[in-house]
Amino acid sequence: MSGARNMLYRPTSRMGAADRTSAVASSFVVADGGQCIGCKACELACFAVHSQAGGIGASVGTVSVPVVPKVYVVRAGDAYVPVQCRHCENAPCAHACPVQAIRQEDGVVMIDEERCIGCTSCVLACPFGAIEVTPVYRAGHVVTQSGLTRHANRAALPRTAASKCDLCAETADGQPACVEACPNQVLRLAKGAVDSPPERRREVFFPRL
Amino acid sequence: MADKVLTVCPYCGSGCQLHLLVDKGQVIGAEPADGRTNEGTLCLKGHYGWDFLNDPQILTARLRKPMIRKNGVMEEVEWEEAIQYTAERLSAIKEKYGPDSIMGTGSARGPGNEANYVMQKFMRAVIGTNNIDHCARVCHGPSVAGLTYSLGDGAMSNSIPEIEHSDLLFVFGYNAPETHPIVARRIVAAKQRGAKIIVCDPRMTETGRISDMWLPLKGGSNMALVNAFGHVLVHEGLYDKRYVEANTEGFAEYVDSIKKYTPEYAEGITGVKAADIRAAMREYAKAPTATILYGMGVCQFSQAVDVVKGLASLALLTGNLGKPNVGIGPVRGQNNVQGSCDMGALPNVYPGYQDVTDTAVRKKFEKAWGVEQLPRKKGYSLTEVPHLILKENKLKAYYIFGEDPVQSDPNAAELREALDQLEFVVVQDIFMNKTALHADVILPSTAWGEHDGVYSSADRGFQRIRKAVEPQGDVKPDWAIISEVATAMGYPMSYANTEEIWDEMRSLCPLFAGASYQKMEDQGGVQWPCPTEDHPGTPYLYKGNQFSTPSGKGRLFACEWRPPQEQPDAKFPLVLSTVREVGHYSVRTMTGNCRALRQLSDEPGFIQISPQDATDLNILDGEIVAISSRRGRIMARAQVSDRVQQGATYMTYHWWVGACNELTADFLDPVSKTPELKYCAIRLERIADQAQAERDVHESYQRIRRQMNVHEAVLADKVTR
């Protein structure tokens, strides 16, 4: 293994056995692509819950900003599948971030929008394509940055930041919105998978087998 | 804190119950309720399809004030003037040309059953004609005609929850994930329970993907395939002999009709391998319970009624009727298309499917409505209207209620010409639309969420809809508007509320007699037939194999396959079929005015083409292309898809710039008069200057929106760019 690659996948902390039992392993939303019908209810639910938290509007129907969800329904080969952040234990996005804007809280890989400089390093590092850099909106309006202007008319450009699934951390009422909204119950929140014994793990990932 | 109002979704026919969250007189959200068909789930339209109530003018503007065309220009007037003017013009035309010179429509959308009841009563008792029809004519008209012939009732024989418990689902020309995501959920659940799924569709669909067998037939070859299915059942002895003997009639003629349709012969027409045809029917016949589900892929052909009867025959041959978890399901597209049929917004039946030519029935309605003589002969069909105006000069006035035929019906140019030739056009609607541009009077009504009533779900389920917010502007409920016009024409109609209308309707319809508001309240809904107060309703039809046909038996039927009417040629080498997409609905005035849904897909819409055709025509995915047929020319974005067969193309009819009904042909099924929207010949052309094409699309979109009374300020807003 090359040094650089070793760096990228370095464990975030060195824990002893005692630490392991108390550690919170990552959670993430797992999708059964085989049963997804591509209806996009998850995309809108995701946007709705995040725009609510951002103070944009009461819900998706009354907002005036573009709909930018943090989960995307994509067609992979013959199947549709919702793609979102896997909240990797050794998150490559966090390693790639030059300003430490990405951190892990209770098993959730979070982006600090304020600290993010929109450099797209995390976008490149993510093996799942789950991150994108999007304009930042506050209270229904795009946040501009005065220091950077469009050359021709000196109009301020929007401030951008990395955006990805945060398991609905802002609302923190248990279930992520996409899981709740899916009419086919294709999405599930897999919790504590890594710390569990194998039988439990199997149940988490393949409950129907 | 928001109030919660329990109601039913206004989009597809799944009949999902939901709570509207209301705060300060505005809807601010929707939550799924535990309805019979949706069980606490909703698709994206249910979750986010209510924004149009706020009149955001994303696509078009709400109608807020009555309007009359004066010197060629629509002018806002007071209600009194609009009602008086409408009544006078209709009376004058009735006087001059007779009652049959006037045509009216029902509305299969938001107005609900009561408004449809009042409308058909208005046409029959006040105008004096059976010229009333609605958009079921362009969708499930063949189901009503075909299933009534075969089984006695034109509706789904089973209920939506039963789909999940069937051992085999036979899906024919029906793309549930796009048209009814909540029914698709039942199909996925059935699969999880171990059900076999067989899909007949020219395109690979989401259901096709999870199916055990996908039969990709050539577009327009349905009858040949269905006949071959019958051939296998009969000649391999797979049919249920005892059932056929006891419960059906016409077996000898049936066997005779299908004789030549061996799987090998059908393979030549349909392109489906003979072995697959055999394998599919062996599975279908073997399954302990099997359900047929079908949609527009069956109905929108000029041989649709025959195919519906053919499919019903397959269910009859195998005994898959009259018990739970089996049957034949024409899944209704619009939320209340079943209800508009139930309420008699059809030219041949009164409410409750009672024949207009039956003297005893007519006497009953004459007495109840206080009319000396109701019209004796059947009325005109909706799809005959352009022909009746342009060729036969028979219609002079058209009362269009909650429909936008210029957008939804085939051959739009001809329809516009027909509307302009009429002496008098009334449009009663919630949004400015393409049809309203041709109106003499516009009557603005309340929308879903702004009034009470009852919808019928696709599986015959009456459910209550409830008013959640006060309507803005000078608008009235549809039933109230129609009542006022009737009163002004000298036939007093005064109802205090929708329940009064409903109770009058129930008293005249044995099928619905026991379905009171109270029972709907108590049970959450009532599936008809519900003949008495103590009857709980009927989940599946034909219990004990008692069919509603005159003889009480199911009728077997097969006939010769006929190719579609317009075939591709050198000038128009591709075939166009109209389809749906999940985020938009029908003529799009409602979903197009919901920010979220609008952003998922927008003008000019897509045309799906195969990779091979794209290569041959030098077209890239996402490019704007020009599409023309013998009837018109439009632009849309190419969507290259390997799910599409070479030579076939698909478009949705939601778009204004990419309006595929400028292209479609108006060939009709001879019985149901349903147009052949699934098959016409077109040509695709590459546009070299893509930047100019994008500008053209944008400009024509803005031009149409200006016509739709969208405020200049809104047009210029950043959201609309």
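The values are calculated or read from the model by the stated rules, or taken from the named source; none is laboratory data. Note that the coordinates shown come from a computational prediction; the quantities given were computed from them, not determined experimentally. Every residue, glycine as well, gets a Cβ built from its backbone with ideal geometry; the counts of neighbours run over all protein chains shown. The area values use the complete protein model at the heavy-atom level, side chains included, leaving out ligands, DNA and RNA. Shrake-Rupley method; radii C 1.70, N 1.55, O 1.52, S 1.80 Å.
From the list B:Leu215, B:Leu233, which residue is surrounded by fewer than 24 Cβ atoms within 10 Å (Cβ to Cβ), more than 14 Å from chain A (Cβ to nearest Cβ), out of contact with any strand residue (DSSP E or B) (no Cβ under 6 Å at 6 or more places or on another chain) and not β-branched (Val, Ile, Thr)? None of the others qualify; the one that does is B:Leu233.
The single residue among B:Val582, B:Val587 that is away from every other protein chain (no Cβ under 14 Å), open to solvent by less than 30 Å² (accessible area, probe 1.4 Å) and modelled with pLDDT under 90 turns out to be B:Val587. Could you check, for segment A:90-111, whether at least one of its residues is within 14 Å of chain B (Cβ to nearest Cβ), open to solvent by less than 60 Å² (accessible area, probe 1.4 Å) and outside any loop (DSSP other than H, G, I, E, B)? No.
Selection of segment B:590-632 for residues being among the hydroxyl-bearing types (Ser, Thr, Tyr) and surrounded by fewer than 23 Cβ atoms within 10 Å (Cβ to Cβ) yields B:Ser601, B:Ser610, B:Thr615, B:Ser628, B:Ser629. Applying the criterion of being within 12 Å of chain A (Cβ to nearest Cβ) and in contact with a His (Cβ under 9 Å, 6 or more places away or on another chain) to the residues of segment B:19-50, the residue that is nearest to B:Ile182 (Cα to Cα) is B:Cys43. Out of all the residues in segment B:402-418, is one or more farther than 28 Å from B:Pro10 by Cα, assigned to a strand (DSSP E or B) and touching a residue at least 12 places away in the same chain (Cβ under 8 Å)? No - not one qualifying residue is present in segment B:402-418. Residues in segment B:248-271 include none that are under 22 Å from B:Ala304 (Cβ atoms), within 14 Å of chain A (Cβ to nearest Cβ) and crowded, with 24+ Cβ neighbours inside 10 Å.
When segment B:177-187 is filtered for residues that are open to solvent by less than 10 Å² (accessible area, probe 1.4 Å) and either at the interface with chain A (Cβ under 8 Å from one of its Cβ atoms) or part of a loop (DSSP other than H, G, I, E, B) (or both), the ones remaining, listed by number, are B:Pro177, B:His180, B:Pro181, B:Ile182, B:Ala184. Is it the case, given these coordinates, that B:Thr60 is open to solvent by less than 40 Å² (accessible area, probe 1.4 Å) and within 24 Å of B:Ile704 (Cα to Cα)? It is true that B:Thr60 is open to solvent by less than 40 Å² (accessible area, probe 1.4 Å) and within 24 Å of B:Ile704 (Cα to Cα).
Here B:Thr7 meets each of (1) among the β-branched types (Val, Ile, Thr); (2) open to solvent by less than 20 Å² (accessible area, probe 1.4 Å); (3) free of Cβ contacts under 8 Å to residues at least 24 places away in the same chain with one exception, condition (3).
Against the definition (of a type in the set (Val, Ile, Thr), touching a residue at least 12 places away in the same chain (Cβ under 8 Å) and touching a strand residue (DSSP E or B) at 6+ places or on another chain (Cβ under 9 Å)), how does B:Thr262 come out, yes or no? No; evaluated as a whole, the condition is false for this residue. Taking the listed residues B:Ile619, B:Ile607, the one that is outside any strand (DSSP E or B) and modelled with pLDDT of 95 or more is B:Ile619, with no other qualifying. Would you mind stating whether B:Gly333 is in contact with a Lys or Arg (Cβ under 9 Å, 6 or more places away or on another chain), under 16 Å from B:Met156 (Cα atoms), surrounded by fewer than 24 Cβ atoms within 10 Å (Cβ to Cβ) and of a type outside the set (D, E, K, R)? Against the criterion (in contact with a Lys or Arg (Cβ under 9 Å, 6 or more places away or on another chain), under 16 Å from B:Met156 (Cα atoms), surrounded by fewer than 24 Cβ atoms within 10 Å (Cβ to Cβ) and of a type outside the set (D, E, K, R)), B:Gly333 does not qualify. Filtered by the rule that a residue be of a type in the set (Val, Ile, Thr), outside any helix (DSSP H, G or I) and out of contact with any Asp or Glu (no Cβ under 6 Å at 6 or more places or on another chain), segment B:318-348 gives B:Val326, B:Ile328, B:Val331.
Would a scan of segment B:70-78 turn up a residue that is open to solvent by 10 Å² or more (accessible area, probe 1.4 Å), within 11 Å of chain A (Cβ to nearest Cβ) and either within 30 Å of B:Arg706 (Cβ to Cβ) or in a loop (DSSP other than H, G, I, E, B) (or both)? The answer is no; no qualifying residue exists. Out of all the residues in segment B:471-494, is one or more touching a residue at least 12 places away in the same chain (Cβ under 8 Å), of a type in the set (Phe, Trp, Tyr) and not in a strand (DSSP E or B)? Scanning segment B:471-494 turns up at least one residue that is touching a residue at least 12 places away in the same chain (Cβ under 8 Å), of a type in the set (Phe, Trp, Tyr) and not in a strand (DSSP E or B). Cβ-Cβ distance below 8 Å, separation of 6 or more or different chains: which pairs start in segment B:153-179 with a residue that is on the phi > 0 side of the Ramachandran plot and end on one that is in a helix (DSSP H, G or I) and among the polar types (S, T, N, Q)? From segment B:153-179, the pairs are B:Gly173/B:Asn222.
Yes/no per residue for (1) of a type in the set (Gly, Ala, Ser); (2) assigned to a helix (DSSP H, G or I):
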position	(1), (2)
B:Val232	no, yes
B:Tyr239	no, no
B:Ala246	yes, yes
B:Ala252	yes, yes
B:Ser257	yes, yes
B:Tyr265	no, yes
B:Gly268	yes, yes
B:Ala275	yes, yes
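Among the criteria (1) within 30 Å of B:Arg242 (Cα to Cα); (2) touching a Cys at 6+ places or on another chain (Cβ under 8 Å); (3) open to solvent by less than 10 Å² (accessible area, probe 1.4 Å), the one B:Gly514 does not fulfil is (1). When segment A:127-141 is limited to residues that are touching a residue at least 40 places away in the same chain (Cβ under 8 Å) and assigned to a loop (DSSP other than H, G, I, E, B), the one that is most open to solvent (accessible area, probe 1.4 Å) turns out to be A:Phe128. Go through the residues of segment B:289-298 one by one and say whether even a single one is more than 23 Å from the chain's Cα centre (by Cα) and either within 26 Å of B:Ile163 (Cα to Cα) or part of a helix (DSSP H, G or I) (or both). Yes; the residues of segment B:289-298 include at least one that is more than 23 Å from the chain's Cα centre (by Cα) and either within 26 Å of B:Ile163 (Cα to Cα) or part of a helix (DSSP H, G or I) (or both).
Check segment A:55-66 and report whether any residue there is at the interface with chain B (Cβ under 9 Å from one of its Cβ atoms), modelled with pLDDT of 75 or more, open to solvent by 40 Å² or more (accessible area, probe 1.4 Å) and touching a strand residue (DSSP E or B) at 6+ places or on another chain (Cβ under 7 Å). Looking for residues that are at the interface with chain B (Cβ under 9 Å from one of its Cβ atoms), modelled with pLDDT of 75 or more, open to solvent by 40 Å² or more (accessible area, probe 1.4 Å) and touching a strand residue (DSSP E or B) at 6+ places or on another chain (Cβ under 7 Å), one finds none in segment A:55-66, hence no.
Is it true that some residue in segment B:664-678 is within 26 Å of B:Leu597 (Cα to Cα) and assigned to a helix (DSSP H, G or I)? Scanning segment B:664-678 turns up no residue that is within 26 Å of B:Leu597 (Cα to Cα) and assigned to a helix (DSSP H, G or I).
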